[in-house]
Amino acid sequence: MKIHRLKTWPVHFEEVAYGNKTSEVRLNDRDYQVGDRLILQEYEPVNGQYSGLAVVRDITHILEQHDGLI
């Protein structure tokens with residue numbers, strides 16, 4: 001299991017924290033695997049700083065892209 005720390009903008013962070021947003025589409029540039037842990041850290045893009053808030057989620061599914069189709 002790997003741990004990935006990811007910046008998450010406030011509008012998305014809030015939805016994840018409250019359980020309204022339960023999936024994410026991202027480029028798999030970190031070799032994400034089922035069972036890996038995500039530490040989603042709220043990041044304020046306006047001032048370029050982290051708020052100090054974070055949520056932890058585990059990867060339960062990875063959607064693979066084949067032949068240019070998702």
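Quick look at the numbers
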read-out	value
Contour excess over end-to-end distance, with Cα ends at His66 and Val11 and 0.36 nm allotted per residue	16.7 nm
Full-stretch length increase - Tyr50, Tyr32 - with 0.36 nm per residue and alpha-carbon distance subtracted	4.2 nm
Within the accessible area of the chain (1.4 Å probe), percent carbon and sulfur	51 percent
Amide H partners (placed H, <5 Å) of Lys21, local residues excluded	Val16
Amide hydrogen neighbours beyond the local backbone of Leu38, cut-off 5 Å, H modeled	His4, Arg57, Asp58, Ile59
Under Karplus coefficients 6.51, -1.76 and 1.60, residue-wise ³J(HN,Hα) of region 2-7 in Hz, glycine/proline x	9, 10, 10, 9, 10, 6
The chain: C-alpha pair distances exceeding 18 Å, %	43 percent
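The values are calculated or read from the model by the stated rules, or taken from the named source; none is laboratory data. Treat the numbers as computed from the prediction; the structure is a model and nothing was measured. SASA here: full protein model, heavy atoms, side chains in, ligands and nucleic acids out. Shrake-Rupley method; radii C 1.70, N 1.55, O 1.52, S 1.80 Å.
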